1. Using only Cα positions of the range B:5-103, each an equal point scatterer, no hydration layer, compute I(q)/I(0) via Debye at q = 0.12, 0.15, 0.19, 0.24 Å⁻¹ and quote the log10 values to two decimals.
2. Kirkwood Rh over Cα pairs of chain B into Stokes-Einstein at 20 °C, 1.002 mPa s: D in µm²/s?
3. Any idea what the relative contact order of chain C is, in percent, if you count C-alpha pairs under 8 Å spaced at least 6 apart?
4. Cα centroids of the range A:187-209 and the range B:23-53: how far apart, whole angstrom?
5. Sort B:Met376, A:Met367 so that the residue with the fewest other Cβ atoms within 10 Å of its own Cβ comes first and the one with the most comes last.
6. Of the GluC sites (Glu not before Pro) in the range A:83-187, which ones lie in a loop per DSSP and count no more than 12 other C-beta atoms within 10 Å?
7. Given Cα pairs under 8 Å that are at least 6 residues apart, what percent is the relative contact order of chain B?
8. How far apart, in nm, are two points set 7 Å out from the Cα along the Cα-to-Cβ line at B:Val150 and at B:Arg194?
Amino acid sequence: MIGVELALLILIAGAFLCLATLGRPAWARVVGPTVAVLGCAAGLIPSATVLIGAAPISLRLPWLIPLGSLSLEMDALSAVFAVPILLITALAAVYGAEYLRPYEGKKETSASWFFFNMLTASMLLVVLARNALLFLLAWEIMSLASFFLVMFEHEKESVQRAGWVYLIATHIGTAFILVLFVLLGRQSGTLDFVGFSLTQAAPALAATIFILATIGFGTKAGFIPVHVWLPEAHPAAPSHVSAVMSGVMIKTGVYGLVRVLTFLGTPPYWFGWTLVGVGAVSGILGVLFALAQHDLKRLLAYSSVENIGIIALGLGIGLLGVSCDSPIMATLGFAGALLHVINHAIFKSLLFLGAGSVLHACGTRDMNRLGGLLRRMRVTGLIILVGSAAICGLPPLNGFVSEFMIYFGALTGLATTPDGAMGGAGRRPHRRNGLTRTDRGFGRGLLHQGIRHGLPRRTAQRPYHPRARGGARHASAHGHSGSTVCRHRSLRSAPFASHSACCIGRGGHVIGCCSKYGVDRSRAVDARFNRSRSSGPGDTPRVLACPSAEGPECEHDRHVGLRLRRAIASHAVQRFLLRGSRHAHVQGIPADKLPSYAAIRTLPRVGILRKPHTRCASR
Amino acid sequence: MTIDRTLPNGGSIPLDSTPDLAAPEFRRRVLEGVTNGARIAALFGCPEGDSVRLFSILAWEDTGLLSVLSTTVKDRYPSLTPDCPQAHLFERELAEQWRITPEGHPWLKPVRFQTPMRGKSNEPLPTQCGVADFFQMTGEEVHEVAVGPVHAGIIEPGHFRFQCHGETVHHLEISLGYQHRGIEKALAGGPDKRTLHYMETLAGDTTIGHTTAYCRTIEALTKSRVPARAQVVRGIALELERIANHIGDLGALAGDIGFLPTMSYCGRIRGDVLNLTALLCGNRFGRRLIEPGGTGYDLTEDSLAQLRDRLKTAITDAEQAISLLWKTPSVLARFEGAGPISRKTAEEIGLVGVSARACGLERDVRRDFPYGIFQMAHIPIVTWHTGDVFARAFVRWLEIERSAMFILDQLESLPARPPAAPFTRQMSSRHLALALVEGWRGEICHVAVTNEAGRFACYKIVDPSFHNWFGLALALREQQISDFPLCNKSFNLSYCGHDL
Amino acid sequence: MKTLLLHAFMLFSGLIAAPFLLGVINRTKALFAGRKGAPLFQLYFDMAKLLRKGVTYSRTTTWIFRAAPVIGLSAVMTAMTLMPLARMSAPLSFPGDLVLFAYCLGLMRFVTVLAALDTGSSFEGMGASREVQFSALAEPVLIIAIAALVCAAGSPSLTAIFAAMTRATWQALGPALVLIVAALLVIFLVENARIPVDDPNTHLELTMIHEVMVLDYSGPDLAFILYAASLKLWVLGTLIVNIAISFLDLHGFFTPLAFTAGMLVLAVLVGIIESIMARLSLLKVPRLLMGALVLAVLAFAFIARFTS
């Protein structure tokens, strides 16, 4: 445990050291990231060993606060979350050192580093805490630190708004969590996690706890419809902070949810279905909203909503697997979800950092004004492209592996039907435990680590075996076979949600990431626009039909093409799925830009040469 | 209402008999005419000293007469366009050709990017073809698509600018002029040996139409009469041209929507019909068939019988191929409602030909201003009311049927071969002659003004495409950009006929 | 050893025969249009010609443009290794391989779209946008149809699915399987850019979907793209024919025979559909896909109801 304590100590002490550098930005630039990297490195070693399979490390110290205990534990589930937290934060800190340089002197970067390190420490503490009070304390520090980080450019009105939305949303979430722990504490008589157990509790209480956890932690994680803060806050923050928030901080919500699930005992079916539903809705709507964005970072924020949806879907399938006694399904669902937590942390922070580089180089996040950047920012472009392909879940990248597990889990639920329903014996060579060699080899390590260790002891031991389930339930009126039929039937529609979410999600990513990679320096484009509009000497008509048209005209085309495909894609989505929820903001050219425009406006009187139809200017 | 100087289709009048009105009076009377149901068939300038004499030809469909108004303009005159949209392209042309400013015209963009025919060297020459201001929309997700002038298929060059939002086109601007060859300038001082070649190649697919109009202009100026048999042959050739092109268009329309059977059969049948023209004169497009004073070739008994039989076969084949279009729901789904133009719009912008008749306008030179054989044998006008691609396609098919019936009728009662009459080439001096012909696209208008020597002082050609290109631009409003090729084909306008 | 040889034979027969299917489709269309039509092996000639040619790259493109044809081809080849032919086991088979199958096709589309956007042309951007829009609607259909098959056969692996399907399956679930075949046929037409969704022969860049995305390719790159397209046609066709021939319940040598005949019938059927239908308006394509989605969902619901 020594490493983890050390990490916490370094981070907190270092955070205050950053405060000491107030007014000395050059010092802050060195101290802040160094502390973060050191702290993370110290924490990574024990986390990684636990993740690889070492025994959980725990620590319990007395604490002055009544009912509280300084109880920390690094078990496999904590490690699954701690590793990306530490890894991504360290990398983001290195990035942030350079990223914040232009702000030095104008902004208080020391304060920013203070909050950054506090955020890191509190996130680590959240996944380590084994006492409700400690957890809530860490949770609150995490919320406040990230709030101040979001408010970095607090003089901007949009940032202020984003910050306050975030603050309010996160505290509403915290209120639910508070109630949740109060209920748990009352039931168990302790506020230590180790004493929490609802296996004997009334179903109503378990249901209440589950709903409170879904809403409370879902607010942090960004489930739709409690995602409202996410697309506001992530773009507003500096890019390395966005990367940390989107990549790992929202995962603490997932962590909290999974941790609470371990208290609950055998889940009824509707737990799983709720998460599947929430996941599917978040997945589909997240990507649809992402499609309609122009702001690069806002798009990524919505994509986080989508990926959190996929994670929730995995958890839901895992829960269903537990409920219907299908170990393969449960394993695949949970393993997929947890693996996706790690994967998403990696590629989403990569994309946010890449977006930061684009913003840094071009001065805009508006994708309508970006294009052709792959030629000018080769490395950034390549990396963003890889990240985009990964977030699309395309083989052979990591996103595919976790999504594969989740969908395979869902398909397994479909394939395991009772015998004799269709005639034709011996048709099913791969039933239930019939994993083939290939399959077992497929991501063996992750399955092993993510589930055997990653999943809390209780779930891993009990619900996988029918014997371990509540006896009352097993002996209930509908009997064994009846309940099986009923379960399987209800499982049938799981893949709808999951697959539509994934498919539409992928389509969205294609658009999104392509816009991401293809970016151009906007001012240059504008200059070209003006030049071609003035039709000066040497200007040629923009020949677009000629496939390999080259030269400056092509840059214009690239620009047009970019606007175009975004327009068409989002337009199509609006037309078919959102039906008129947004209107284009169409204006004529100001009269001084194009003299003849003023003239053509006089024509509506004759009704023919009328000004092209304009839509309402609302947005 | 003031009585203007009128003349029939194919008539001529002395120049001095058309009063030279003051510019405001000219404007008033043109507008009055348009308000009272006339249509501007041509509006053009003719150099006179250092000023330009403007002529406006108004076509009165109810009386079948054409009236001529004229005024002399030095630099500027009050524009007609604000009150009469159909004049907008004519006035842009005037501004470009003669450096006249129609005051109050909304946007005097170049039409053909040609060098002005009247020198004032201190003014800059027009820029490169296609380089101009275009109407632009701005706003979120609004984008511009530019197509051409180089296209992926073997078609004529033209530049199209679409202002789109998503897949919806809000505005289309068409910029032509890439085919400008300076024909009108080359014709001044004529006619000479080349003139007929020019006419035959004005718009290659309308050889018969344009040569007929030209020959009738010459005949009006030379006051010669054309033998009845030649009139009939001219009529047959014109209708054969119509049938061939309409069949080709219907096939191309089918091709644009990926309906293969009609496309390939129509391609073949169009060739069959073109071969019938070749039967008349040895050339599939009818070159050298029509000459001033008559025809270059005559029908023999043998070719007459062949023509009759082969036409019947071709029409039967065409009916089989084309009726598939009207029977296939997926075809109708594409045709119906695509690129609609309302009757009112069509009237305002002065559409002609198939496009006008597809909007329900009964507008056909063969009936309104009958000439030649059409004075004796009428072809019923075909109209349709919807104004969309379907209407333009369906009107084409109905016209094919009517034209075929007309030809077969005429072949039954061909007048006897006349004795060869000498054709005098001496043309009246200081006269204005005009001829309208219903080409397969629509009204072709040729106007010749002769000088003292009896040569062309100017020769004005108005191809139907000149009236109709703007119709295509309007048809695309609020349509899908992917429907553009279909709409374009349903108009099938000529680039070189417009660019001259 | 025998299995290895069989798998190699299966793969190579697909790799070799795939372009022939396009020849059959085109010949059928030609017959309907009253033409003689191009030779059945025209695509092979075209590819041989293109492979000998040089390449032209636009200066606006980057490495993505050059990499896309190769990645696309390898993605579709990977998909081929997962697809069993004629109810024999596929060269590569594991539970859940159908997810990889769908994602391989997704990868192919991803790189094609990316390369189209890389050219910076507004036409290719437009094509890419349409492709993504339609595939976002088409992919759920494919996956739900496959999920229904999983449900019917009780196994999440393509090989096992087709091995498990017999005439008894058809007798029990016939209507649902017919619906699945119909939905897959629509997907087959959409994914392979055939009429009534896209017109492979058109030259009108404003109306194209797939063709416009590969407008800038030349030489061997174009050959790869044509080849990848024909392999995609083959592999999706295999999916349909595998379902259809399971009705016949054949054994031994007859199965490959029926499979071959089935592929030819499918090609002729596509040719006929393309001949008797005009292309849909782009606005109506989503409706067609929604129709296919409804078919797939109905089939799924039917199977779920009758197998539980």
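Read-outs throughout are calculated quantities, based only on the coordinates presented, and are distinct from any laboratory measurement. These numbers were taken from a predicted model, which means no experiment stands behind them. Backbone-built Cβ (ideal geometry, glycine too); neighbour counts: all protein chains shown.
1. -0.35, -0.55, -0.89, -1.39
2. Values: Rh = 23.2 Å.
This corresponds to a translational diffusion coefficient of 92 µm²/s.
3. Over chain C, the number comes to 30 percent.
4. 94 Å
5. Values: B:Met376 12, A:Met367 24.
Ranked by crowding around the Cβ, least crowded first: B:Met376, A:Met367.
6. Passing sites in the range A:83-187 are A:Glu155.
7. Working: 1004 pairs, mean separation 94.6, N = 500.
Over chain B, the number comes to 19 percent.
8. Calculated label separation equals 2.9 nm.
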